[in-house]
C-alpha cells in the first residue's frame, strides 16, 4: 500500500529567520536567534515533504520521536534549510536523518521518527480522547 515510499527519499523546508521565530519571541530563551522549537518544526516539515506527497489519499504521517541537537545560533535575517532523509522503514514507522543548515554551516542534526496514519481513524480517536474516552 505504501510502495512509493523507499529508503533514500528526501525533503527540504526553508525559512528566513524573522523576529517571530526567535527564542525571545517563543520563550525558549531570551536571545534574538532562531528558536529550537522552530528548528525542530523545520526538520519535521522536511520529513513531511519527503514522504507525505507519496502516500495514498486518506493517509499522512505524524511525528512520534525526535532526538536532535541544536549546535549553533542563527541570527535574524539568515536563511535556514532543513533536510530530511528517510533511512529506515519498519512497517508504518519511518526513521529520518535530519539536519538544519545556515550559510555558516550545520546548526542542528539528529533523527526523527514519523508514523503513517489513516487520517479519518486518527482524528476519530483524537476526538474520542478529547471526550475522555480511551
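Taken together, the values in this text are just the output of simple stated rules run on the coordinates, not laboratory data. Everything numeric in this text was worked out from a predicted model, so none of it was measured. Cβ sites come from the backbone with ideal geometry, for glycine too, and all protein chains shown count toward neighbours.
What residue, of 66, 31, is in contact with a helix residue (DSSP H, G or I) (Cβ under 7 Å, 6 or more places away or on another chain), in contact (Cβ under 8 Å) with a residue 40 or more places away in the chain, surrounded by fewer than 17 Cβ atoms within 10 Å (Cβ to Cβ) and not in a strand (DSSP E or B)? Write out each step before concluding.
Values: 66 fails: not in a strand (DSSP E or B).
Testing whether each residue is in contact with a helix residue (DSSP H, G or I) (Cβ under 7 Å, 6 or more places away or on another chain), in contact (Cβ under 8 Å) with a residue 40 or more places away in the chain, surrounded by fewer than 17 Cβ atoms within 10 Å (Cβ to Cβ) and not in a strand (DSSP E or B) leaves just 31.
Specify the residue that is surrounded by the fewest Cβ atoms within 10 Å (Cβ to Cβ); the eligible residues are those in segment 12-28 that are assigned to a strand (DSSP E or B) and in contact (Cβ under 8 Å) with a residue 60 or more places away in the chain.
In the first step, residues of segment 12-28 are kept if they are assigned to a strand (DSSP E or B); the result is 12-16, 22.
Filter again for in contact (Cβ under 8 Å) with a residue 60 or more places away in the chain, leaving 12-16.
Values: 12: 13, 13: 20, 14: 12, 15: 19, 16: 10.
Checking each candidate, the answer is 16.
Among the residues of segment 34-46, is there at least one that is in contact (Cβ under 8 Å) with a residue 12 or more places away in the chain, part of a strand (DSSP E or B), touching a strand residue (DSSP E or B) at 6+ places or on another chain (Cβ under 8 Å) and surrounded by fewer than 20 Cβ atoms within 10 Å (Cβ to Cβ)? Before you say what the answer is, go through the steps one by one.
As a first pass, look at segment 34-46 and keep what is in contact (Cβ under 8 Å) with a residue 12 or more places away in the chain: 34-36, 38-40, 42-46.
Filter once more, keeping what is part of a strand (DSSP E or B): 34.
Among the residues that remain, those that are also touching a strand residue (DSSP E or B) at 6+ places or on another chain (Cβ under 8 Å) are: 34.
So of that shortlist, the ones also surrounded by fewer than 20 Cβ atoms within 10 Å (Cβ to Cβ) come out as none.
Looking for residues that are in contact (Cβ under 8 Å) with a residue 12 or more places away in the chain, part of a strand (DSSP E or B), touching a strand residue (DSSP E or B) at 6+ places or on another chain (Cβ under 8 Å) and surrounded by fewer than 20 Cβ atoms within 10 Å (Cβ to Cβ), one finds none in segment 34-46, hence no.
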Checklist (1) loosely packed, with under 12 Cβ neighbours inside 10 Å; (2) not in a loop (DSSP other than H, G, I, E, B) applied to residue 57, failing item: (2)
Of the residues 88, 128, only one is farther than 28 Å from residue 4 by Cα and over 14 Å from the mean Cα position of the chain (by Cα); which? 128
